[in-house]
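J.: Once you've had a glance at the structure underneath, I'll fire off some questions.
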């Protein structure tokens, strides 16, 4: 995907808008954050400049984080994942994890492992974004269930990539079932209303 080769452009309002949207959606802030600063660590970047950590997958990492935080059906999961990431007993850098999962999704797409799903969806973007969210969900729920800590991150990501590459369709189907059962209709409707409200304010 061409997006993986494009860096974050400080002169592009669209790029900066996505970055700020991710922050606002995850934190509930009504105010756009400054471009640089320690506040980015609140959502799981590891430094004061998110662009530094996006280099591995380029703009794709930001596009997929935006997808995660602006799709009403996914927002309750995204916020639940961030809450887990902030738990002192299990904390991990959430956006760094998201970027690593974008890399897994990108490699699966490039290697042709998502071709069948692309045909079914009739869209490479829909497929790779859904696959990304499914892999992220797989990692986060295992983290939650097994009470893992940051020391397990390397192993868990390796296992997630192996599982994702061996049975991508099964992973996506399982993710879709979990979304339907784990989060209430009300939480998704509330998220939908917030997205609509925020879009009117832009």
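J.: What list do you get for 111, 49, 89 if you sort them by fewest beta carbons within 10 Å?
T.: So the ranking, lowest neighbour count to highest, is 89, 111, 49.
J.: In addition: Pick from 123, 166, 102: which residue has the top mean-square fluctuation in a GNM of the chain where Cα pairs under 10 Å get a spring?
T.: Among 123, 166, 102, the largest GNM mean-square fluctuation belongs to 123.
J.: Here's a follow-up. Pick from 151, 27, 71 the residue whose mean-square fluctuation is largest in a GNM of the chain, springs joining Cα atoms under 10 Å.
T.: Looking only at 151, 27, 71, the largest GNM fluctuation is found for 151.
J.: Then there's this: Using the reciprocal of the averaged 1/r over all distinct C-alpha pairs, how large is the Kirkwood radius of segment 1-72 in Å?
T.: 12.3
J.: Does a label point 7 Å from the Cα of residue 169, set along Cα-to-beta-carbon, have any residues of segment 90-125 with amide nitrogen under 19 Å, and which are they?
T.: 108-125
J.: Calculate, axis by axis, the spread of Cα positions in segment 116-168 along the three principal axes, and write the results as whole Å, longest axis first.
T.: Per principal axis, max minus min of the Cα coordinates gives 39, 17, 14 Å.
J.: Another question, then. What nm value, rounded to one decimal, do you get for the distance between residue 116 and residue 39 when each label is placed 7 Å out toward the C-beta?
T.: Reported label-point gap for residue 116 and residue 39 is 4.6 nm.
J.: Another question, then. Work out how far the C-alpha atoms of the chain reach from end to end along every principal axis, then list the three figures in whole Å, largest first.
T.: Reported extents, whole Å, longest axis first: 41, 37, 35.
J.: Can you tell me how segment 84-152 classifies by the Cα gyration tensor, rounded, prolate or oblate, using a/c under 1.5 as the rounded cut?
T.: It is prolate, given that a/c is not under 1.5 and a/b is the larger ratio.
J.: Same structure again: With springs only between Cα atoms under 10 Å, which of 67, 23, 36 fluctuates most in a Gaussian network model of the chain?
T.: Between 67, 23, 36, it is 36 that shows the largest mean-square fluctuation.
J.: Right, another one. When 119, 156 are ordered from fewest to most other Cβ atoms inside 10 Å of their Cβ, what list results?
T.: Ordered from fewest to most neighbouring Cβ atoms within 10 Å, 119, 156 come out as 119, 156.
J.: Separate question: Rank these for me by crowding, 35, 55, going from fewest to most other beta carbons within 10 Å.
T.: 55, 35
Laboratory data are not the source of any read-out in this text; all were calculated from the coordinates shown. As the structure is a prediction and not an experimental result, all values here were calculated from the model. All Cβ positions, even for glycine, are placed from backbone atoms using ideal geometry, and neighbour counts span all protein chains on display.
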